[in-house]
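Notes to accompany the following structure.
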Amino acid sequence: MNFSIAPACRSWIGALLALVAGAASAEVHNIDATFEPDFANPQRNQFKNQTPSEGFCRQAPFACDREGLFSLIASIPFTANAPISANHADPRQGGMAKVPSDWRDVTVTHSSGDSHLLQLRIAGIGHELLLPRTVAELTGEGGWDNLWEGGAWMYAPSPCVGVGTFSSGEYGYNSFWKVPVGAGACSKKAKFDIPLSMRYQFFVYAYELRTPDPLKMESGDYTGSITYTVGPNMDFDMGDVMIPDDSLLTLNFNLKVTHTMKVDIPPGGNRVVLEPVGGWQSWLDQGRKPTRLLRDQTFNISASSRFKMNLQCQYAMGNNCALLELASGHAVPLEVGVTLPNGLTDGAGQPVNRRRLLRDGSGTELFQPGFYLDRKVGTLHFEVARDAVDEMLKEGVARNYSGNVTVIWDSEVG
């Protein structure tokens with residue numbers, strides 16, 4: 001008998017997410033991430049962020065890389081709508097920041113309709129602060145450490161965490177605070193009056209991502225977005241005095257998944273000859289009929305995506321393929337099974353051992369990798385059962401049964 005393999009074709013289709021303009025304008029940032037299987041590191045099932053960091057994480061990557069943080073600059077200036085009074089009792093009347101530091105869900109969707117959840121949180125905030133007068137003028141020849149309670153903005157107020165770096169001049173001060181999960185407002189109290197109009201030229205935010213498992217996603221692009229509000233008592237809240245020029249910040253996500261799905265049969269392995277266990281010698285020498293005819297055929301599989309398996313048959317018998325003896329027209333069912341290598345499981349998470357392959361695909365609708373498999377060995381099992389063998393073997397009659405079977409590994413899983 002002959003059999004062939006038919007791995008499904010794969011391609012990715014890019015999709016762009018269009019921003020629908022609302023009543024308010026919005027600062028828009030695009031964040032791209034990709035997944036490609038890495039044979040050198042098969043256990044790493046994570047997306048790689050392809051959007052270069054701006055601002056803090058670019059300038060001080062050592063403070064971001066170990067925590068998986070990235071940062072972008074929001075070109076949204078804030079301007080004080082009132083003077084900031086020395087020793088103000090209300091933290092909202094001075095320098096403060098409250099950001100959406102809790103995890104939020106973002107749905108990313110493939111053109112096929114397949115959807116997954118990405119999680120995002122804002123993990124840091126930085127300001128390019130600009131005073132209306134020099135810090136020496138405001139503090140009576142003092143410096144930045146004198147202007148704010150607790151020292152300069154490098155020293156983050158609790159619950160925020162400082163990172164030990166800053167840059168400053170006579171009028172400006174650039175600093176960054178990390179923000180723990182669920183942190184509330186972080187505020188600095190002015191020790192001297194600051195007249196109109198203190199400004200934040202822009203702000204830098206750090207973000208942390210939890211991406212979905214790419215091995216459970218289809219090849220192609222997944223897109224989604226989240227919009228944060230900016231202003232007093234909103235997502236990005238800098239207090240009641242500092243008022244932004246823009247009230248919305250939209251993040252568009254594009255996750256590109258590129259999968260590997262390849263099956264190789266050893267040379268000559270597409271021609272399968274079924275024999276009894278131990279060969280034909282027992283029947284030839286002793287007249288002992290074989291109970292089964294069988295053959296195992298190995299294959300090598302590389303896979304990072306979900307797939308299903310089924311059969312196409314030259315001759316069919318019920319839900320199985322069949323072998324046919326052309327002279328007599330007699331056919332017998334051929335049972336085909338598959339054993340998949342460690343790391344591939346069925347939809348219920350169970351190992352796949354001698355799983356029957358049927359024409360309708362039942363029982364083999366979903367196989368999924370737990371990690372990227374690179375040229376791991378699986379086995380196809382071909383067998384004619386005892387009852388059928390009894391029908392095939394007739395004393396003094398030579399018969400030749402044959403048939404073509406196509407085994408399909410299909411990455412298009414519905």
Please report how far the C-alpha centroid of the range 360-414 lies from that of the range 130-190, rounded to the nearest whole angstrom. 70 Å
Spelling it out for Tyr222: with amide H atoms placed in the peptide plane at 1.01 Å from N, the residues 5 or more places away or on another chain with amide H under 5 Å from its amide H are Leu255, Lys256, Val257
Computed FRET value (nearest 0.05) for Ser85 with Asn353, which takes r as the C-beta separation and R₀ as 56 Å: 0.15
Could you go through the range 248-256 in sequence order and give the Karplus-derived ³J(HN,Hα) for each residue, using 6.51 cos²θ - 1.76 cosθ + 1.60 with θ = phi - 60°, rounded to whole Hz, and x for Gly and Pro? 9, 10, 10, 10, 9, 10, 10, 9, 9
Interchain or long-range residues, amide H under 5 Å from Met96's placed H: Lys188
Just subtract the alpha-carbon distance of Asp105 and Lys394 from 0.36 nm times their residue separation and send over the number in nm, one decimal. 97.2 nm
Lysine-lysine proximity count for the range 8-257, Cα under 19 Å, sequence distance 8 or more or distinct chains: 8
Computed FRET efficiency, Cβ-Cβ of Thr34 and Leu196, R0 45 Å: what is it to the nearest 0.05? 0.45
From DSSP H assignment alone, runs of 4+ in the chain each adding -39500 (n - 2.57), the sum over residues rounded to the nearest 500 puts [θ] at 222 nm at -1500 deg cm²/dmol
Under the Karplus relation with 6.51, -1.76 and 1.60 and θ = phi - 60°, whole-Hz ³J(HN,Hα) for the range 369-384, x at Gly and Pro, equal x, x, 7, 6, 9, 10, 6, 8, 8, x, 9, 9, 10, 10, 8, 10
Non-local amide H neighbours of Thr345 (under 5 Å, H modeled in plane, Pro and chain starts lacking H): which ones? Gln368, Gly370
The value for the range 64-209 (convex hull of the alpha-carbon atoms, volume per residue, Å³) is 121 Å³
Ordered by packing density, taken as the mean number of other Cβ atoms within 10 Å over each peptide's residues, highest first, how do 82-92, 245-255 rank? 245-255, 82-92
The chain - charge dipole about Cα centre, Lys and Arg +1 at Cβ, Asp and Glu -1, debye rounded to 20: 1160 debye
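Readers should treat all values here as calculations from the given coordinates under stated rules, not as data from a laboratory. All values derive from a computational prediction rather than experimental measurement. Here the Cβ is made from the backbone with ideal geometry for all residues, glycine too, and neighbour counts use every protein chain on show.
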